[in-house]
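Here the structure comes first, spelled out in structure tokens, and everything after it is commentary.
Only the coordinates and a few stated rules stand behind these numbers; no lab work does. None of the values given here were measured: they were computed from a predicted structure. Heads up, the Cβs are rebuilt from the backbone with ideal geometry, glycines too, and the neighbour counts pull from every protein chain shown.
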Amino acid sequence: MAEPARSARPDTLPLLEVERLHVRFPLMGPIKAGLLQVQNRFLDAVLDVSFRLRAGTTLALVGESGSGKSTLGRAILGLVPIADGTVKFESEEPLKTGKPAPGYLRHVAMMFQDPISSLSPRRTVKSLIAEPFIVHGLTDRDLDAEARRLLALVGLPKDFADRYPHQLSGGQARRVGVARAVALSPKLIVADEPTAGLDVSVQGEILNLMTRLQRELGLTYLVITHNLAVVRHVSDEMAIMYMGRFVEYGPTQEIFARAAHPYTDGLIAAQPLPDPDKRRAEVALKGEVPSLARRPAGCEFHTRCPQAQDFCRHERPAVRALNPGHSHRCHFPLVG
């Protein structure tokens, strides 16, 4: 099992500030939309998302597939365009011009979801780990020594430098991905499903590695996952996403203890129980997530909410504070 996350430090200034972020993708051109009389020719993947991430802490983005988690992470790194809103990193706006400002990508890095496919099959582990130095023009360094240093940092023998991705297990490939991410000593790492496809024991090893590196290197993590067991053990704060919006946001332990939104409560209740004698009478979350191209009116969760009322079908809930640091979007929260 992974080491528990350190408690958040309230005295630390925000490293990352996101305000009312909006990411959308065109479904069709304006001419076709006019001919078909389509009013909204865009698909809104992320809507009105705001949060602050303090240096040295971990924020987990949680939600079902298609909720906008990965899109949000990529938008922060400038990998997808932002339609509206701001991203501030150390009080600067590195994406203000539409592309990352010079030097920004030296301070942020990403661990991609599939550890094998994110590594070029034609390159050795040594060249893959050394690539960030070459991309950023740091060729005056001893790249062989850097590769050995990074392999040791993530717990891999130095002879792995000459291996190719197909010669690695899933856990080993993930460690190589971690080595690439920390190569330039970034301040922020966006980790997209860091334990996906790994055995439970290997998941614990990777999470312990990430926690150790956070402690030793002062890293800040934005972890994207649907695995609530991971969230509970590695994150200081968590944000629950549904159809591109945050429906609940706050300290991890508080949300697990007092979930305010029915969707959050359903996700927590859907976790597998380790005791085979404890069976759930019914599925916590029912129904399918509506299409982003045809968003429901009012509260977008009302089509699946067990306590939805007529008011929910017509009026979209605003962000409400349950207490300082803990907010939700629900007309009838589970706790008051």
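Hey, what number do you get for the chain at 222 nm if only DSSP H runs of n ≥ 4 count, each worth -39500 (n - 2.57), divided across all residues, to the nearest 500? Show your work: numbers first, answer last.
On the way: 10 runs with 92 residues, N = 336.
My calculation for the chain gives -8000 deg cm²/dmol from helical runs alone.
Simple point charges give the picture: +1 on the Cβ of Lys and Arg, -1 on the Cβ of Asp and Glu, and for segment 14-328 a dipole about the Cα centre of about 440 debye. The count of lysine pairs in the chain with alpha-carbon distances below 16 Å, taking only pairs 8 or more places apart or on different chains, stands at 4. Once backbone amide H atoms are built at 1.01 Å from N, L15 has L53, R54, A55 as its partners under 5 Å, excluding neighbours fewer than 5 places away on the same chain. Spacing of the modelled spin labels on V135 and Y164, each 7 Å from Cα toward Cβ, amounts to 2.2 nm.
You can think of it this way: the chain between E288 and S91 has 67.0 nm of extra reach, that is 0.36 nm per residue less the Cα-Cα gap. For the chain, the ratio of Cα radius of gyration to the globular rule of thumb 2.2 N^0.38 Å stands at 1.05.
Expressed as a rounded percentage, what relative contact order does segment 14-328 have, with Cα pairs under 8 Å and six or more residues apart? Don't jump to the answer; show the numbers that get you there.
Numbers: 531 pairs, mean separation 63.5, N = 315.
Relative contact order of segment 14-328: 20 percent.
Dipole check for segment 28-119: with +1 at the C-beta of Lys and Arg, -1 at the C-beta of Asp and Glu, and the Cα centre as origin, the magnitude is about 140 Debye.
Once the Cβ-Cβ distance between H314 and Q271 is put in as r, and R0 is 41 Å, what FRET efficiency do you end up with, to the nearest 0.05?
On the way: r = 33 Å, r/R0 = 0.79.
So the FRET efficiency works out to roughly 0.80.
Can you pull out the trypsin sites (Lys or Arg not before Pro) in segment 112-205 whose DSSP state is coil and whose Cβ has at most 13 other Cβ atoms within 10 Å?
Numbers: sites: R122, R123, K126, R141, R148, R149, K158, R163, R174, R175, R180, K187; in loops: R122, R123, R141, R163, K187.
Listed in order of number, the matching sites are R122, R141.
Ordering N323, Q113, G78 by the projection of their Cα atoms onto the charge dipole of the chain, which places +1 on the Cβ of Lys and Arg and -1 on the Cβ of Asp and Glu, puts G78 at the extreme positive end.
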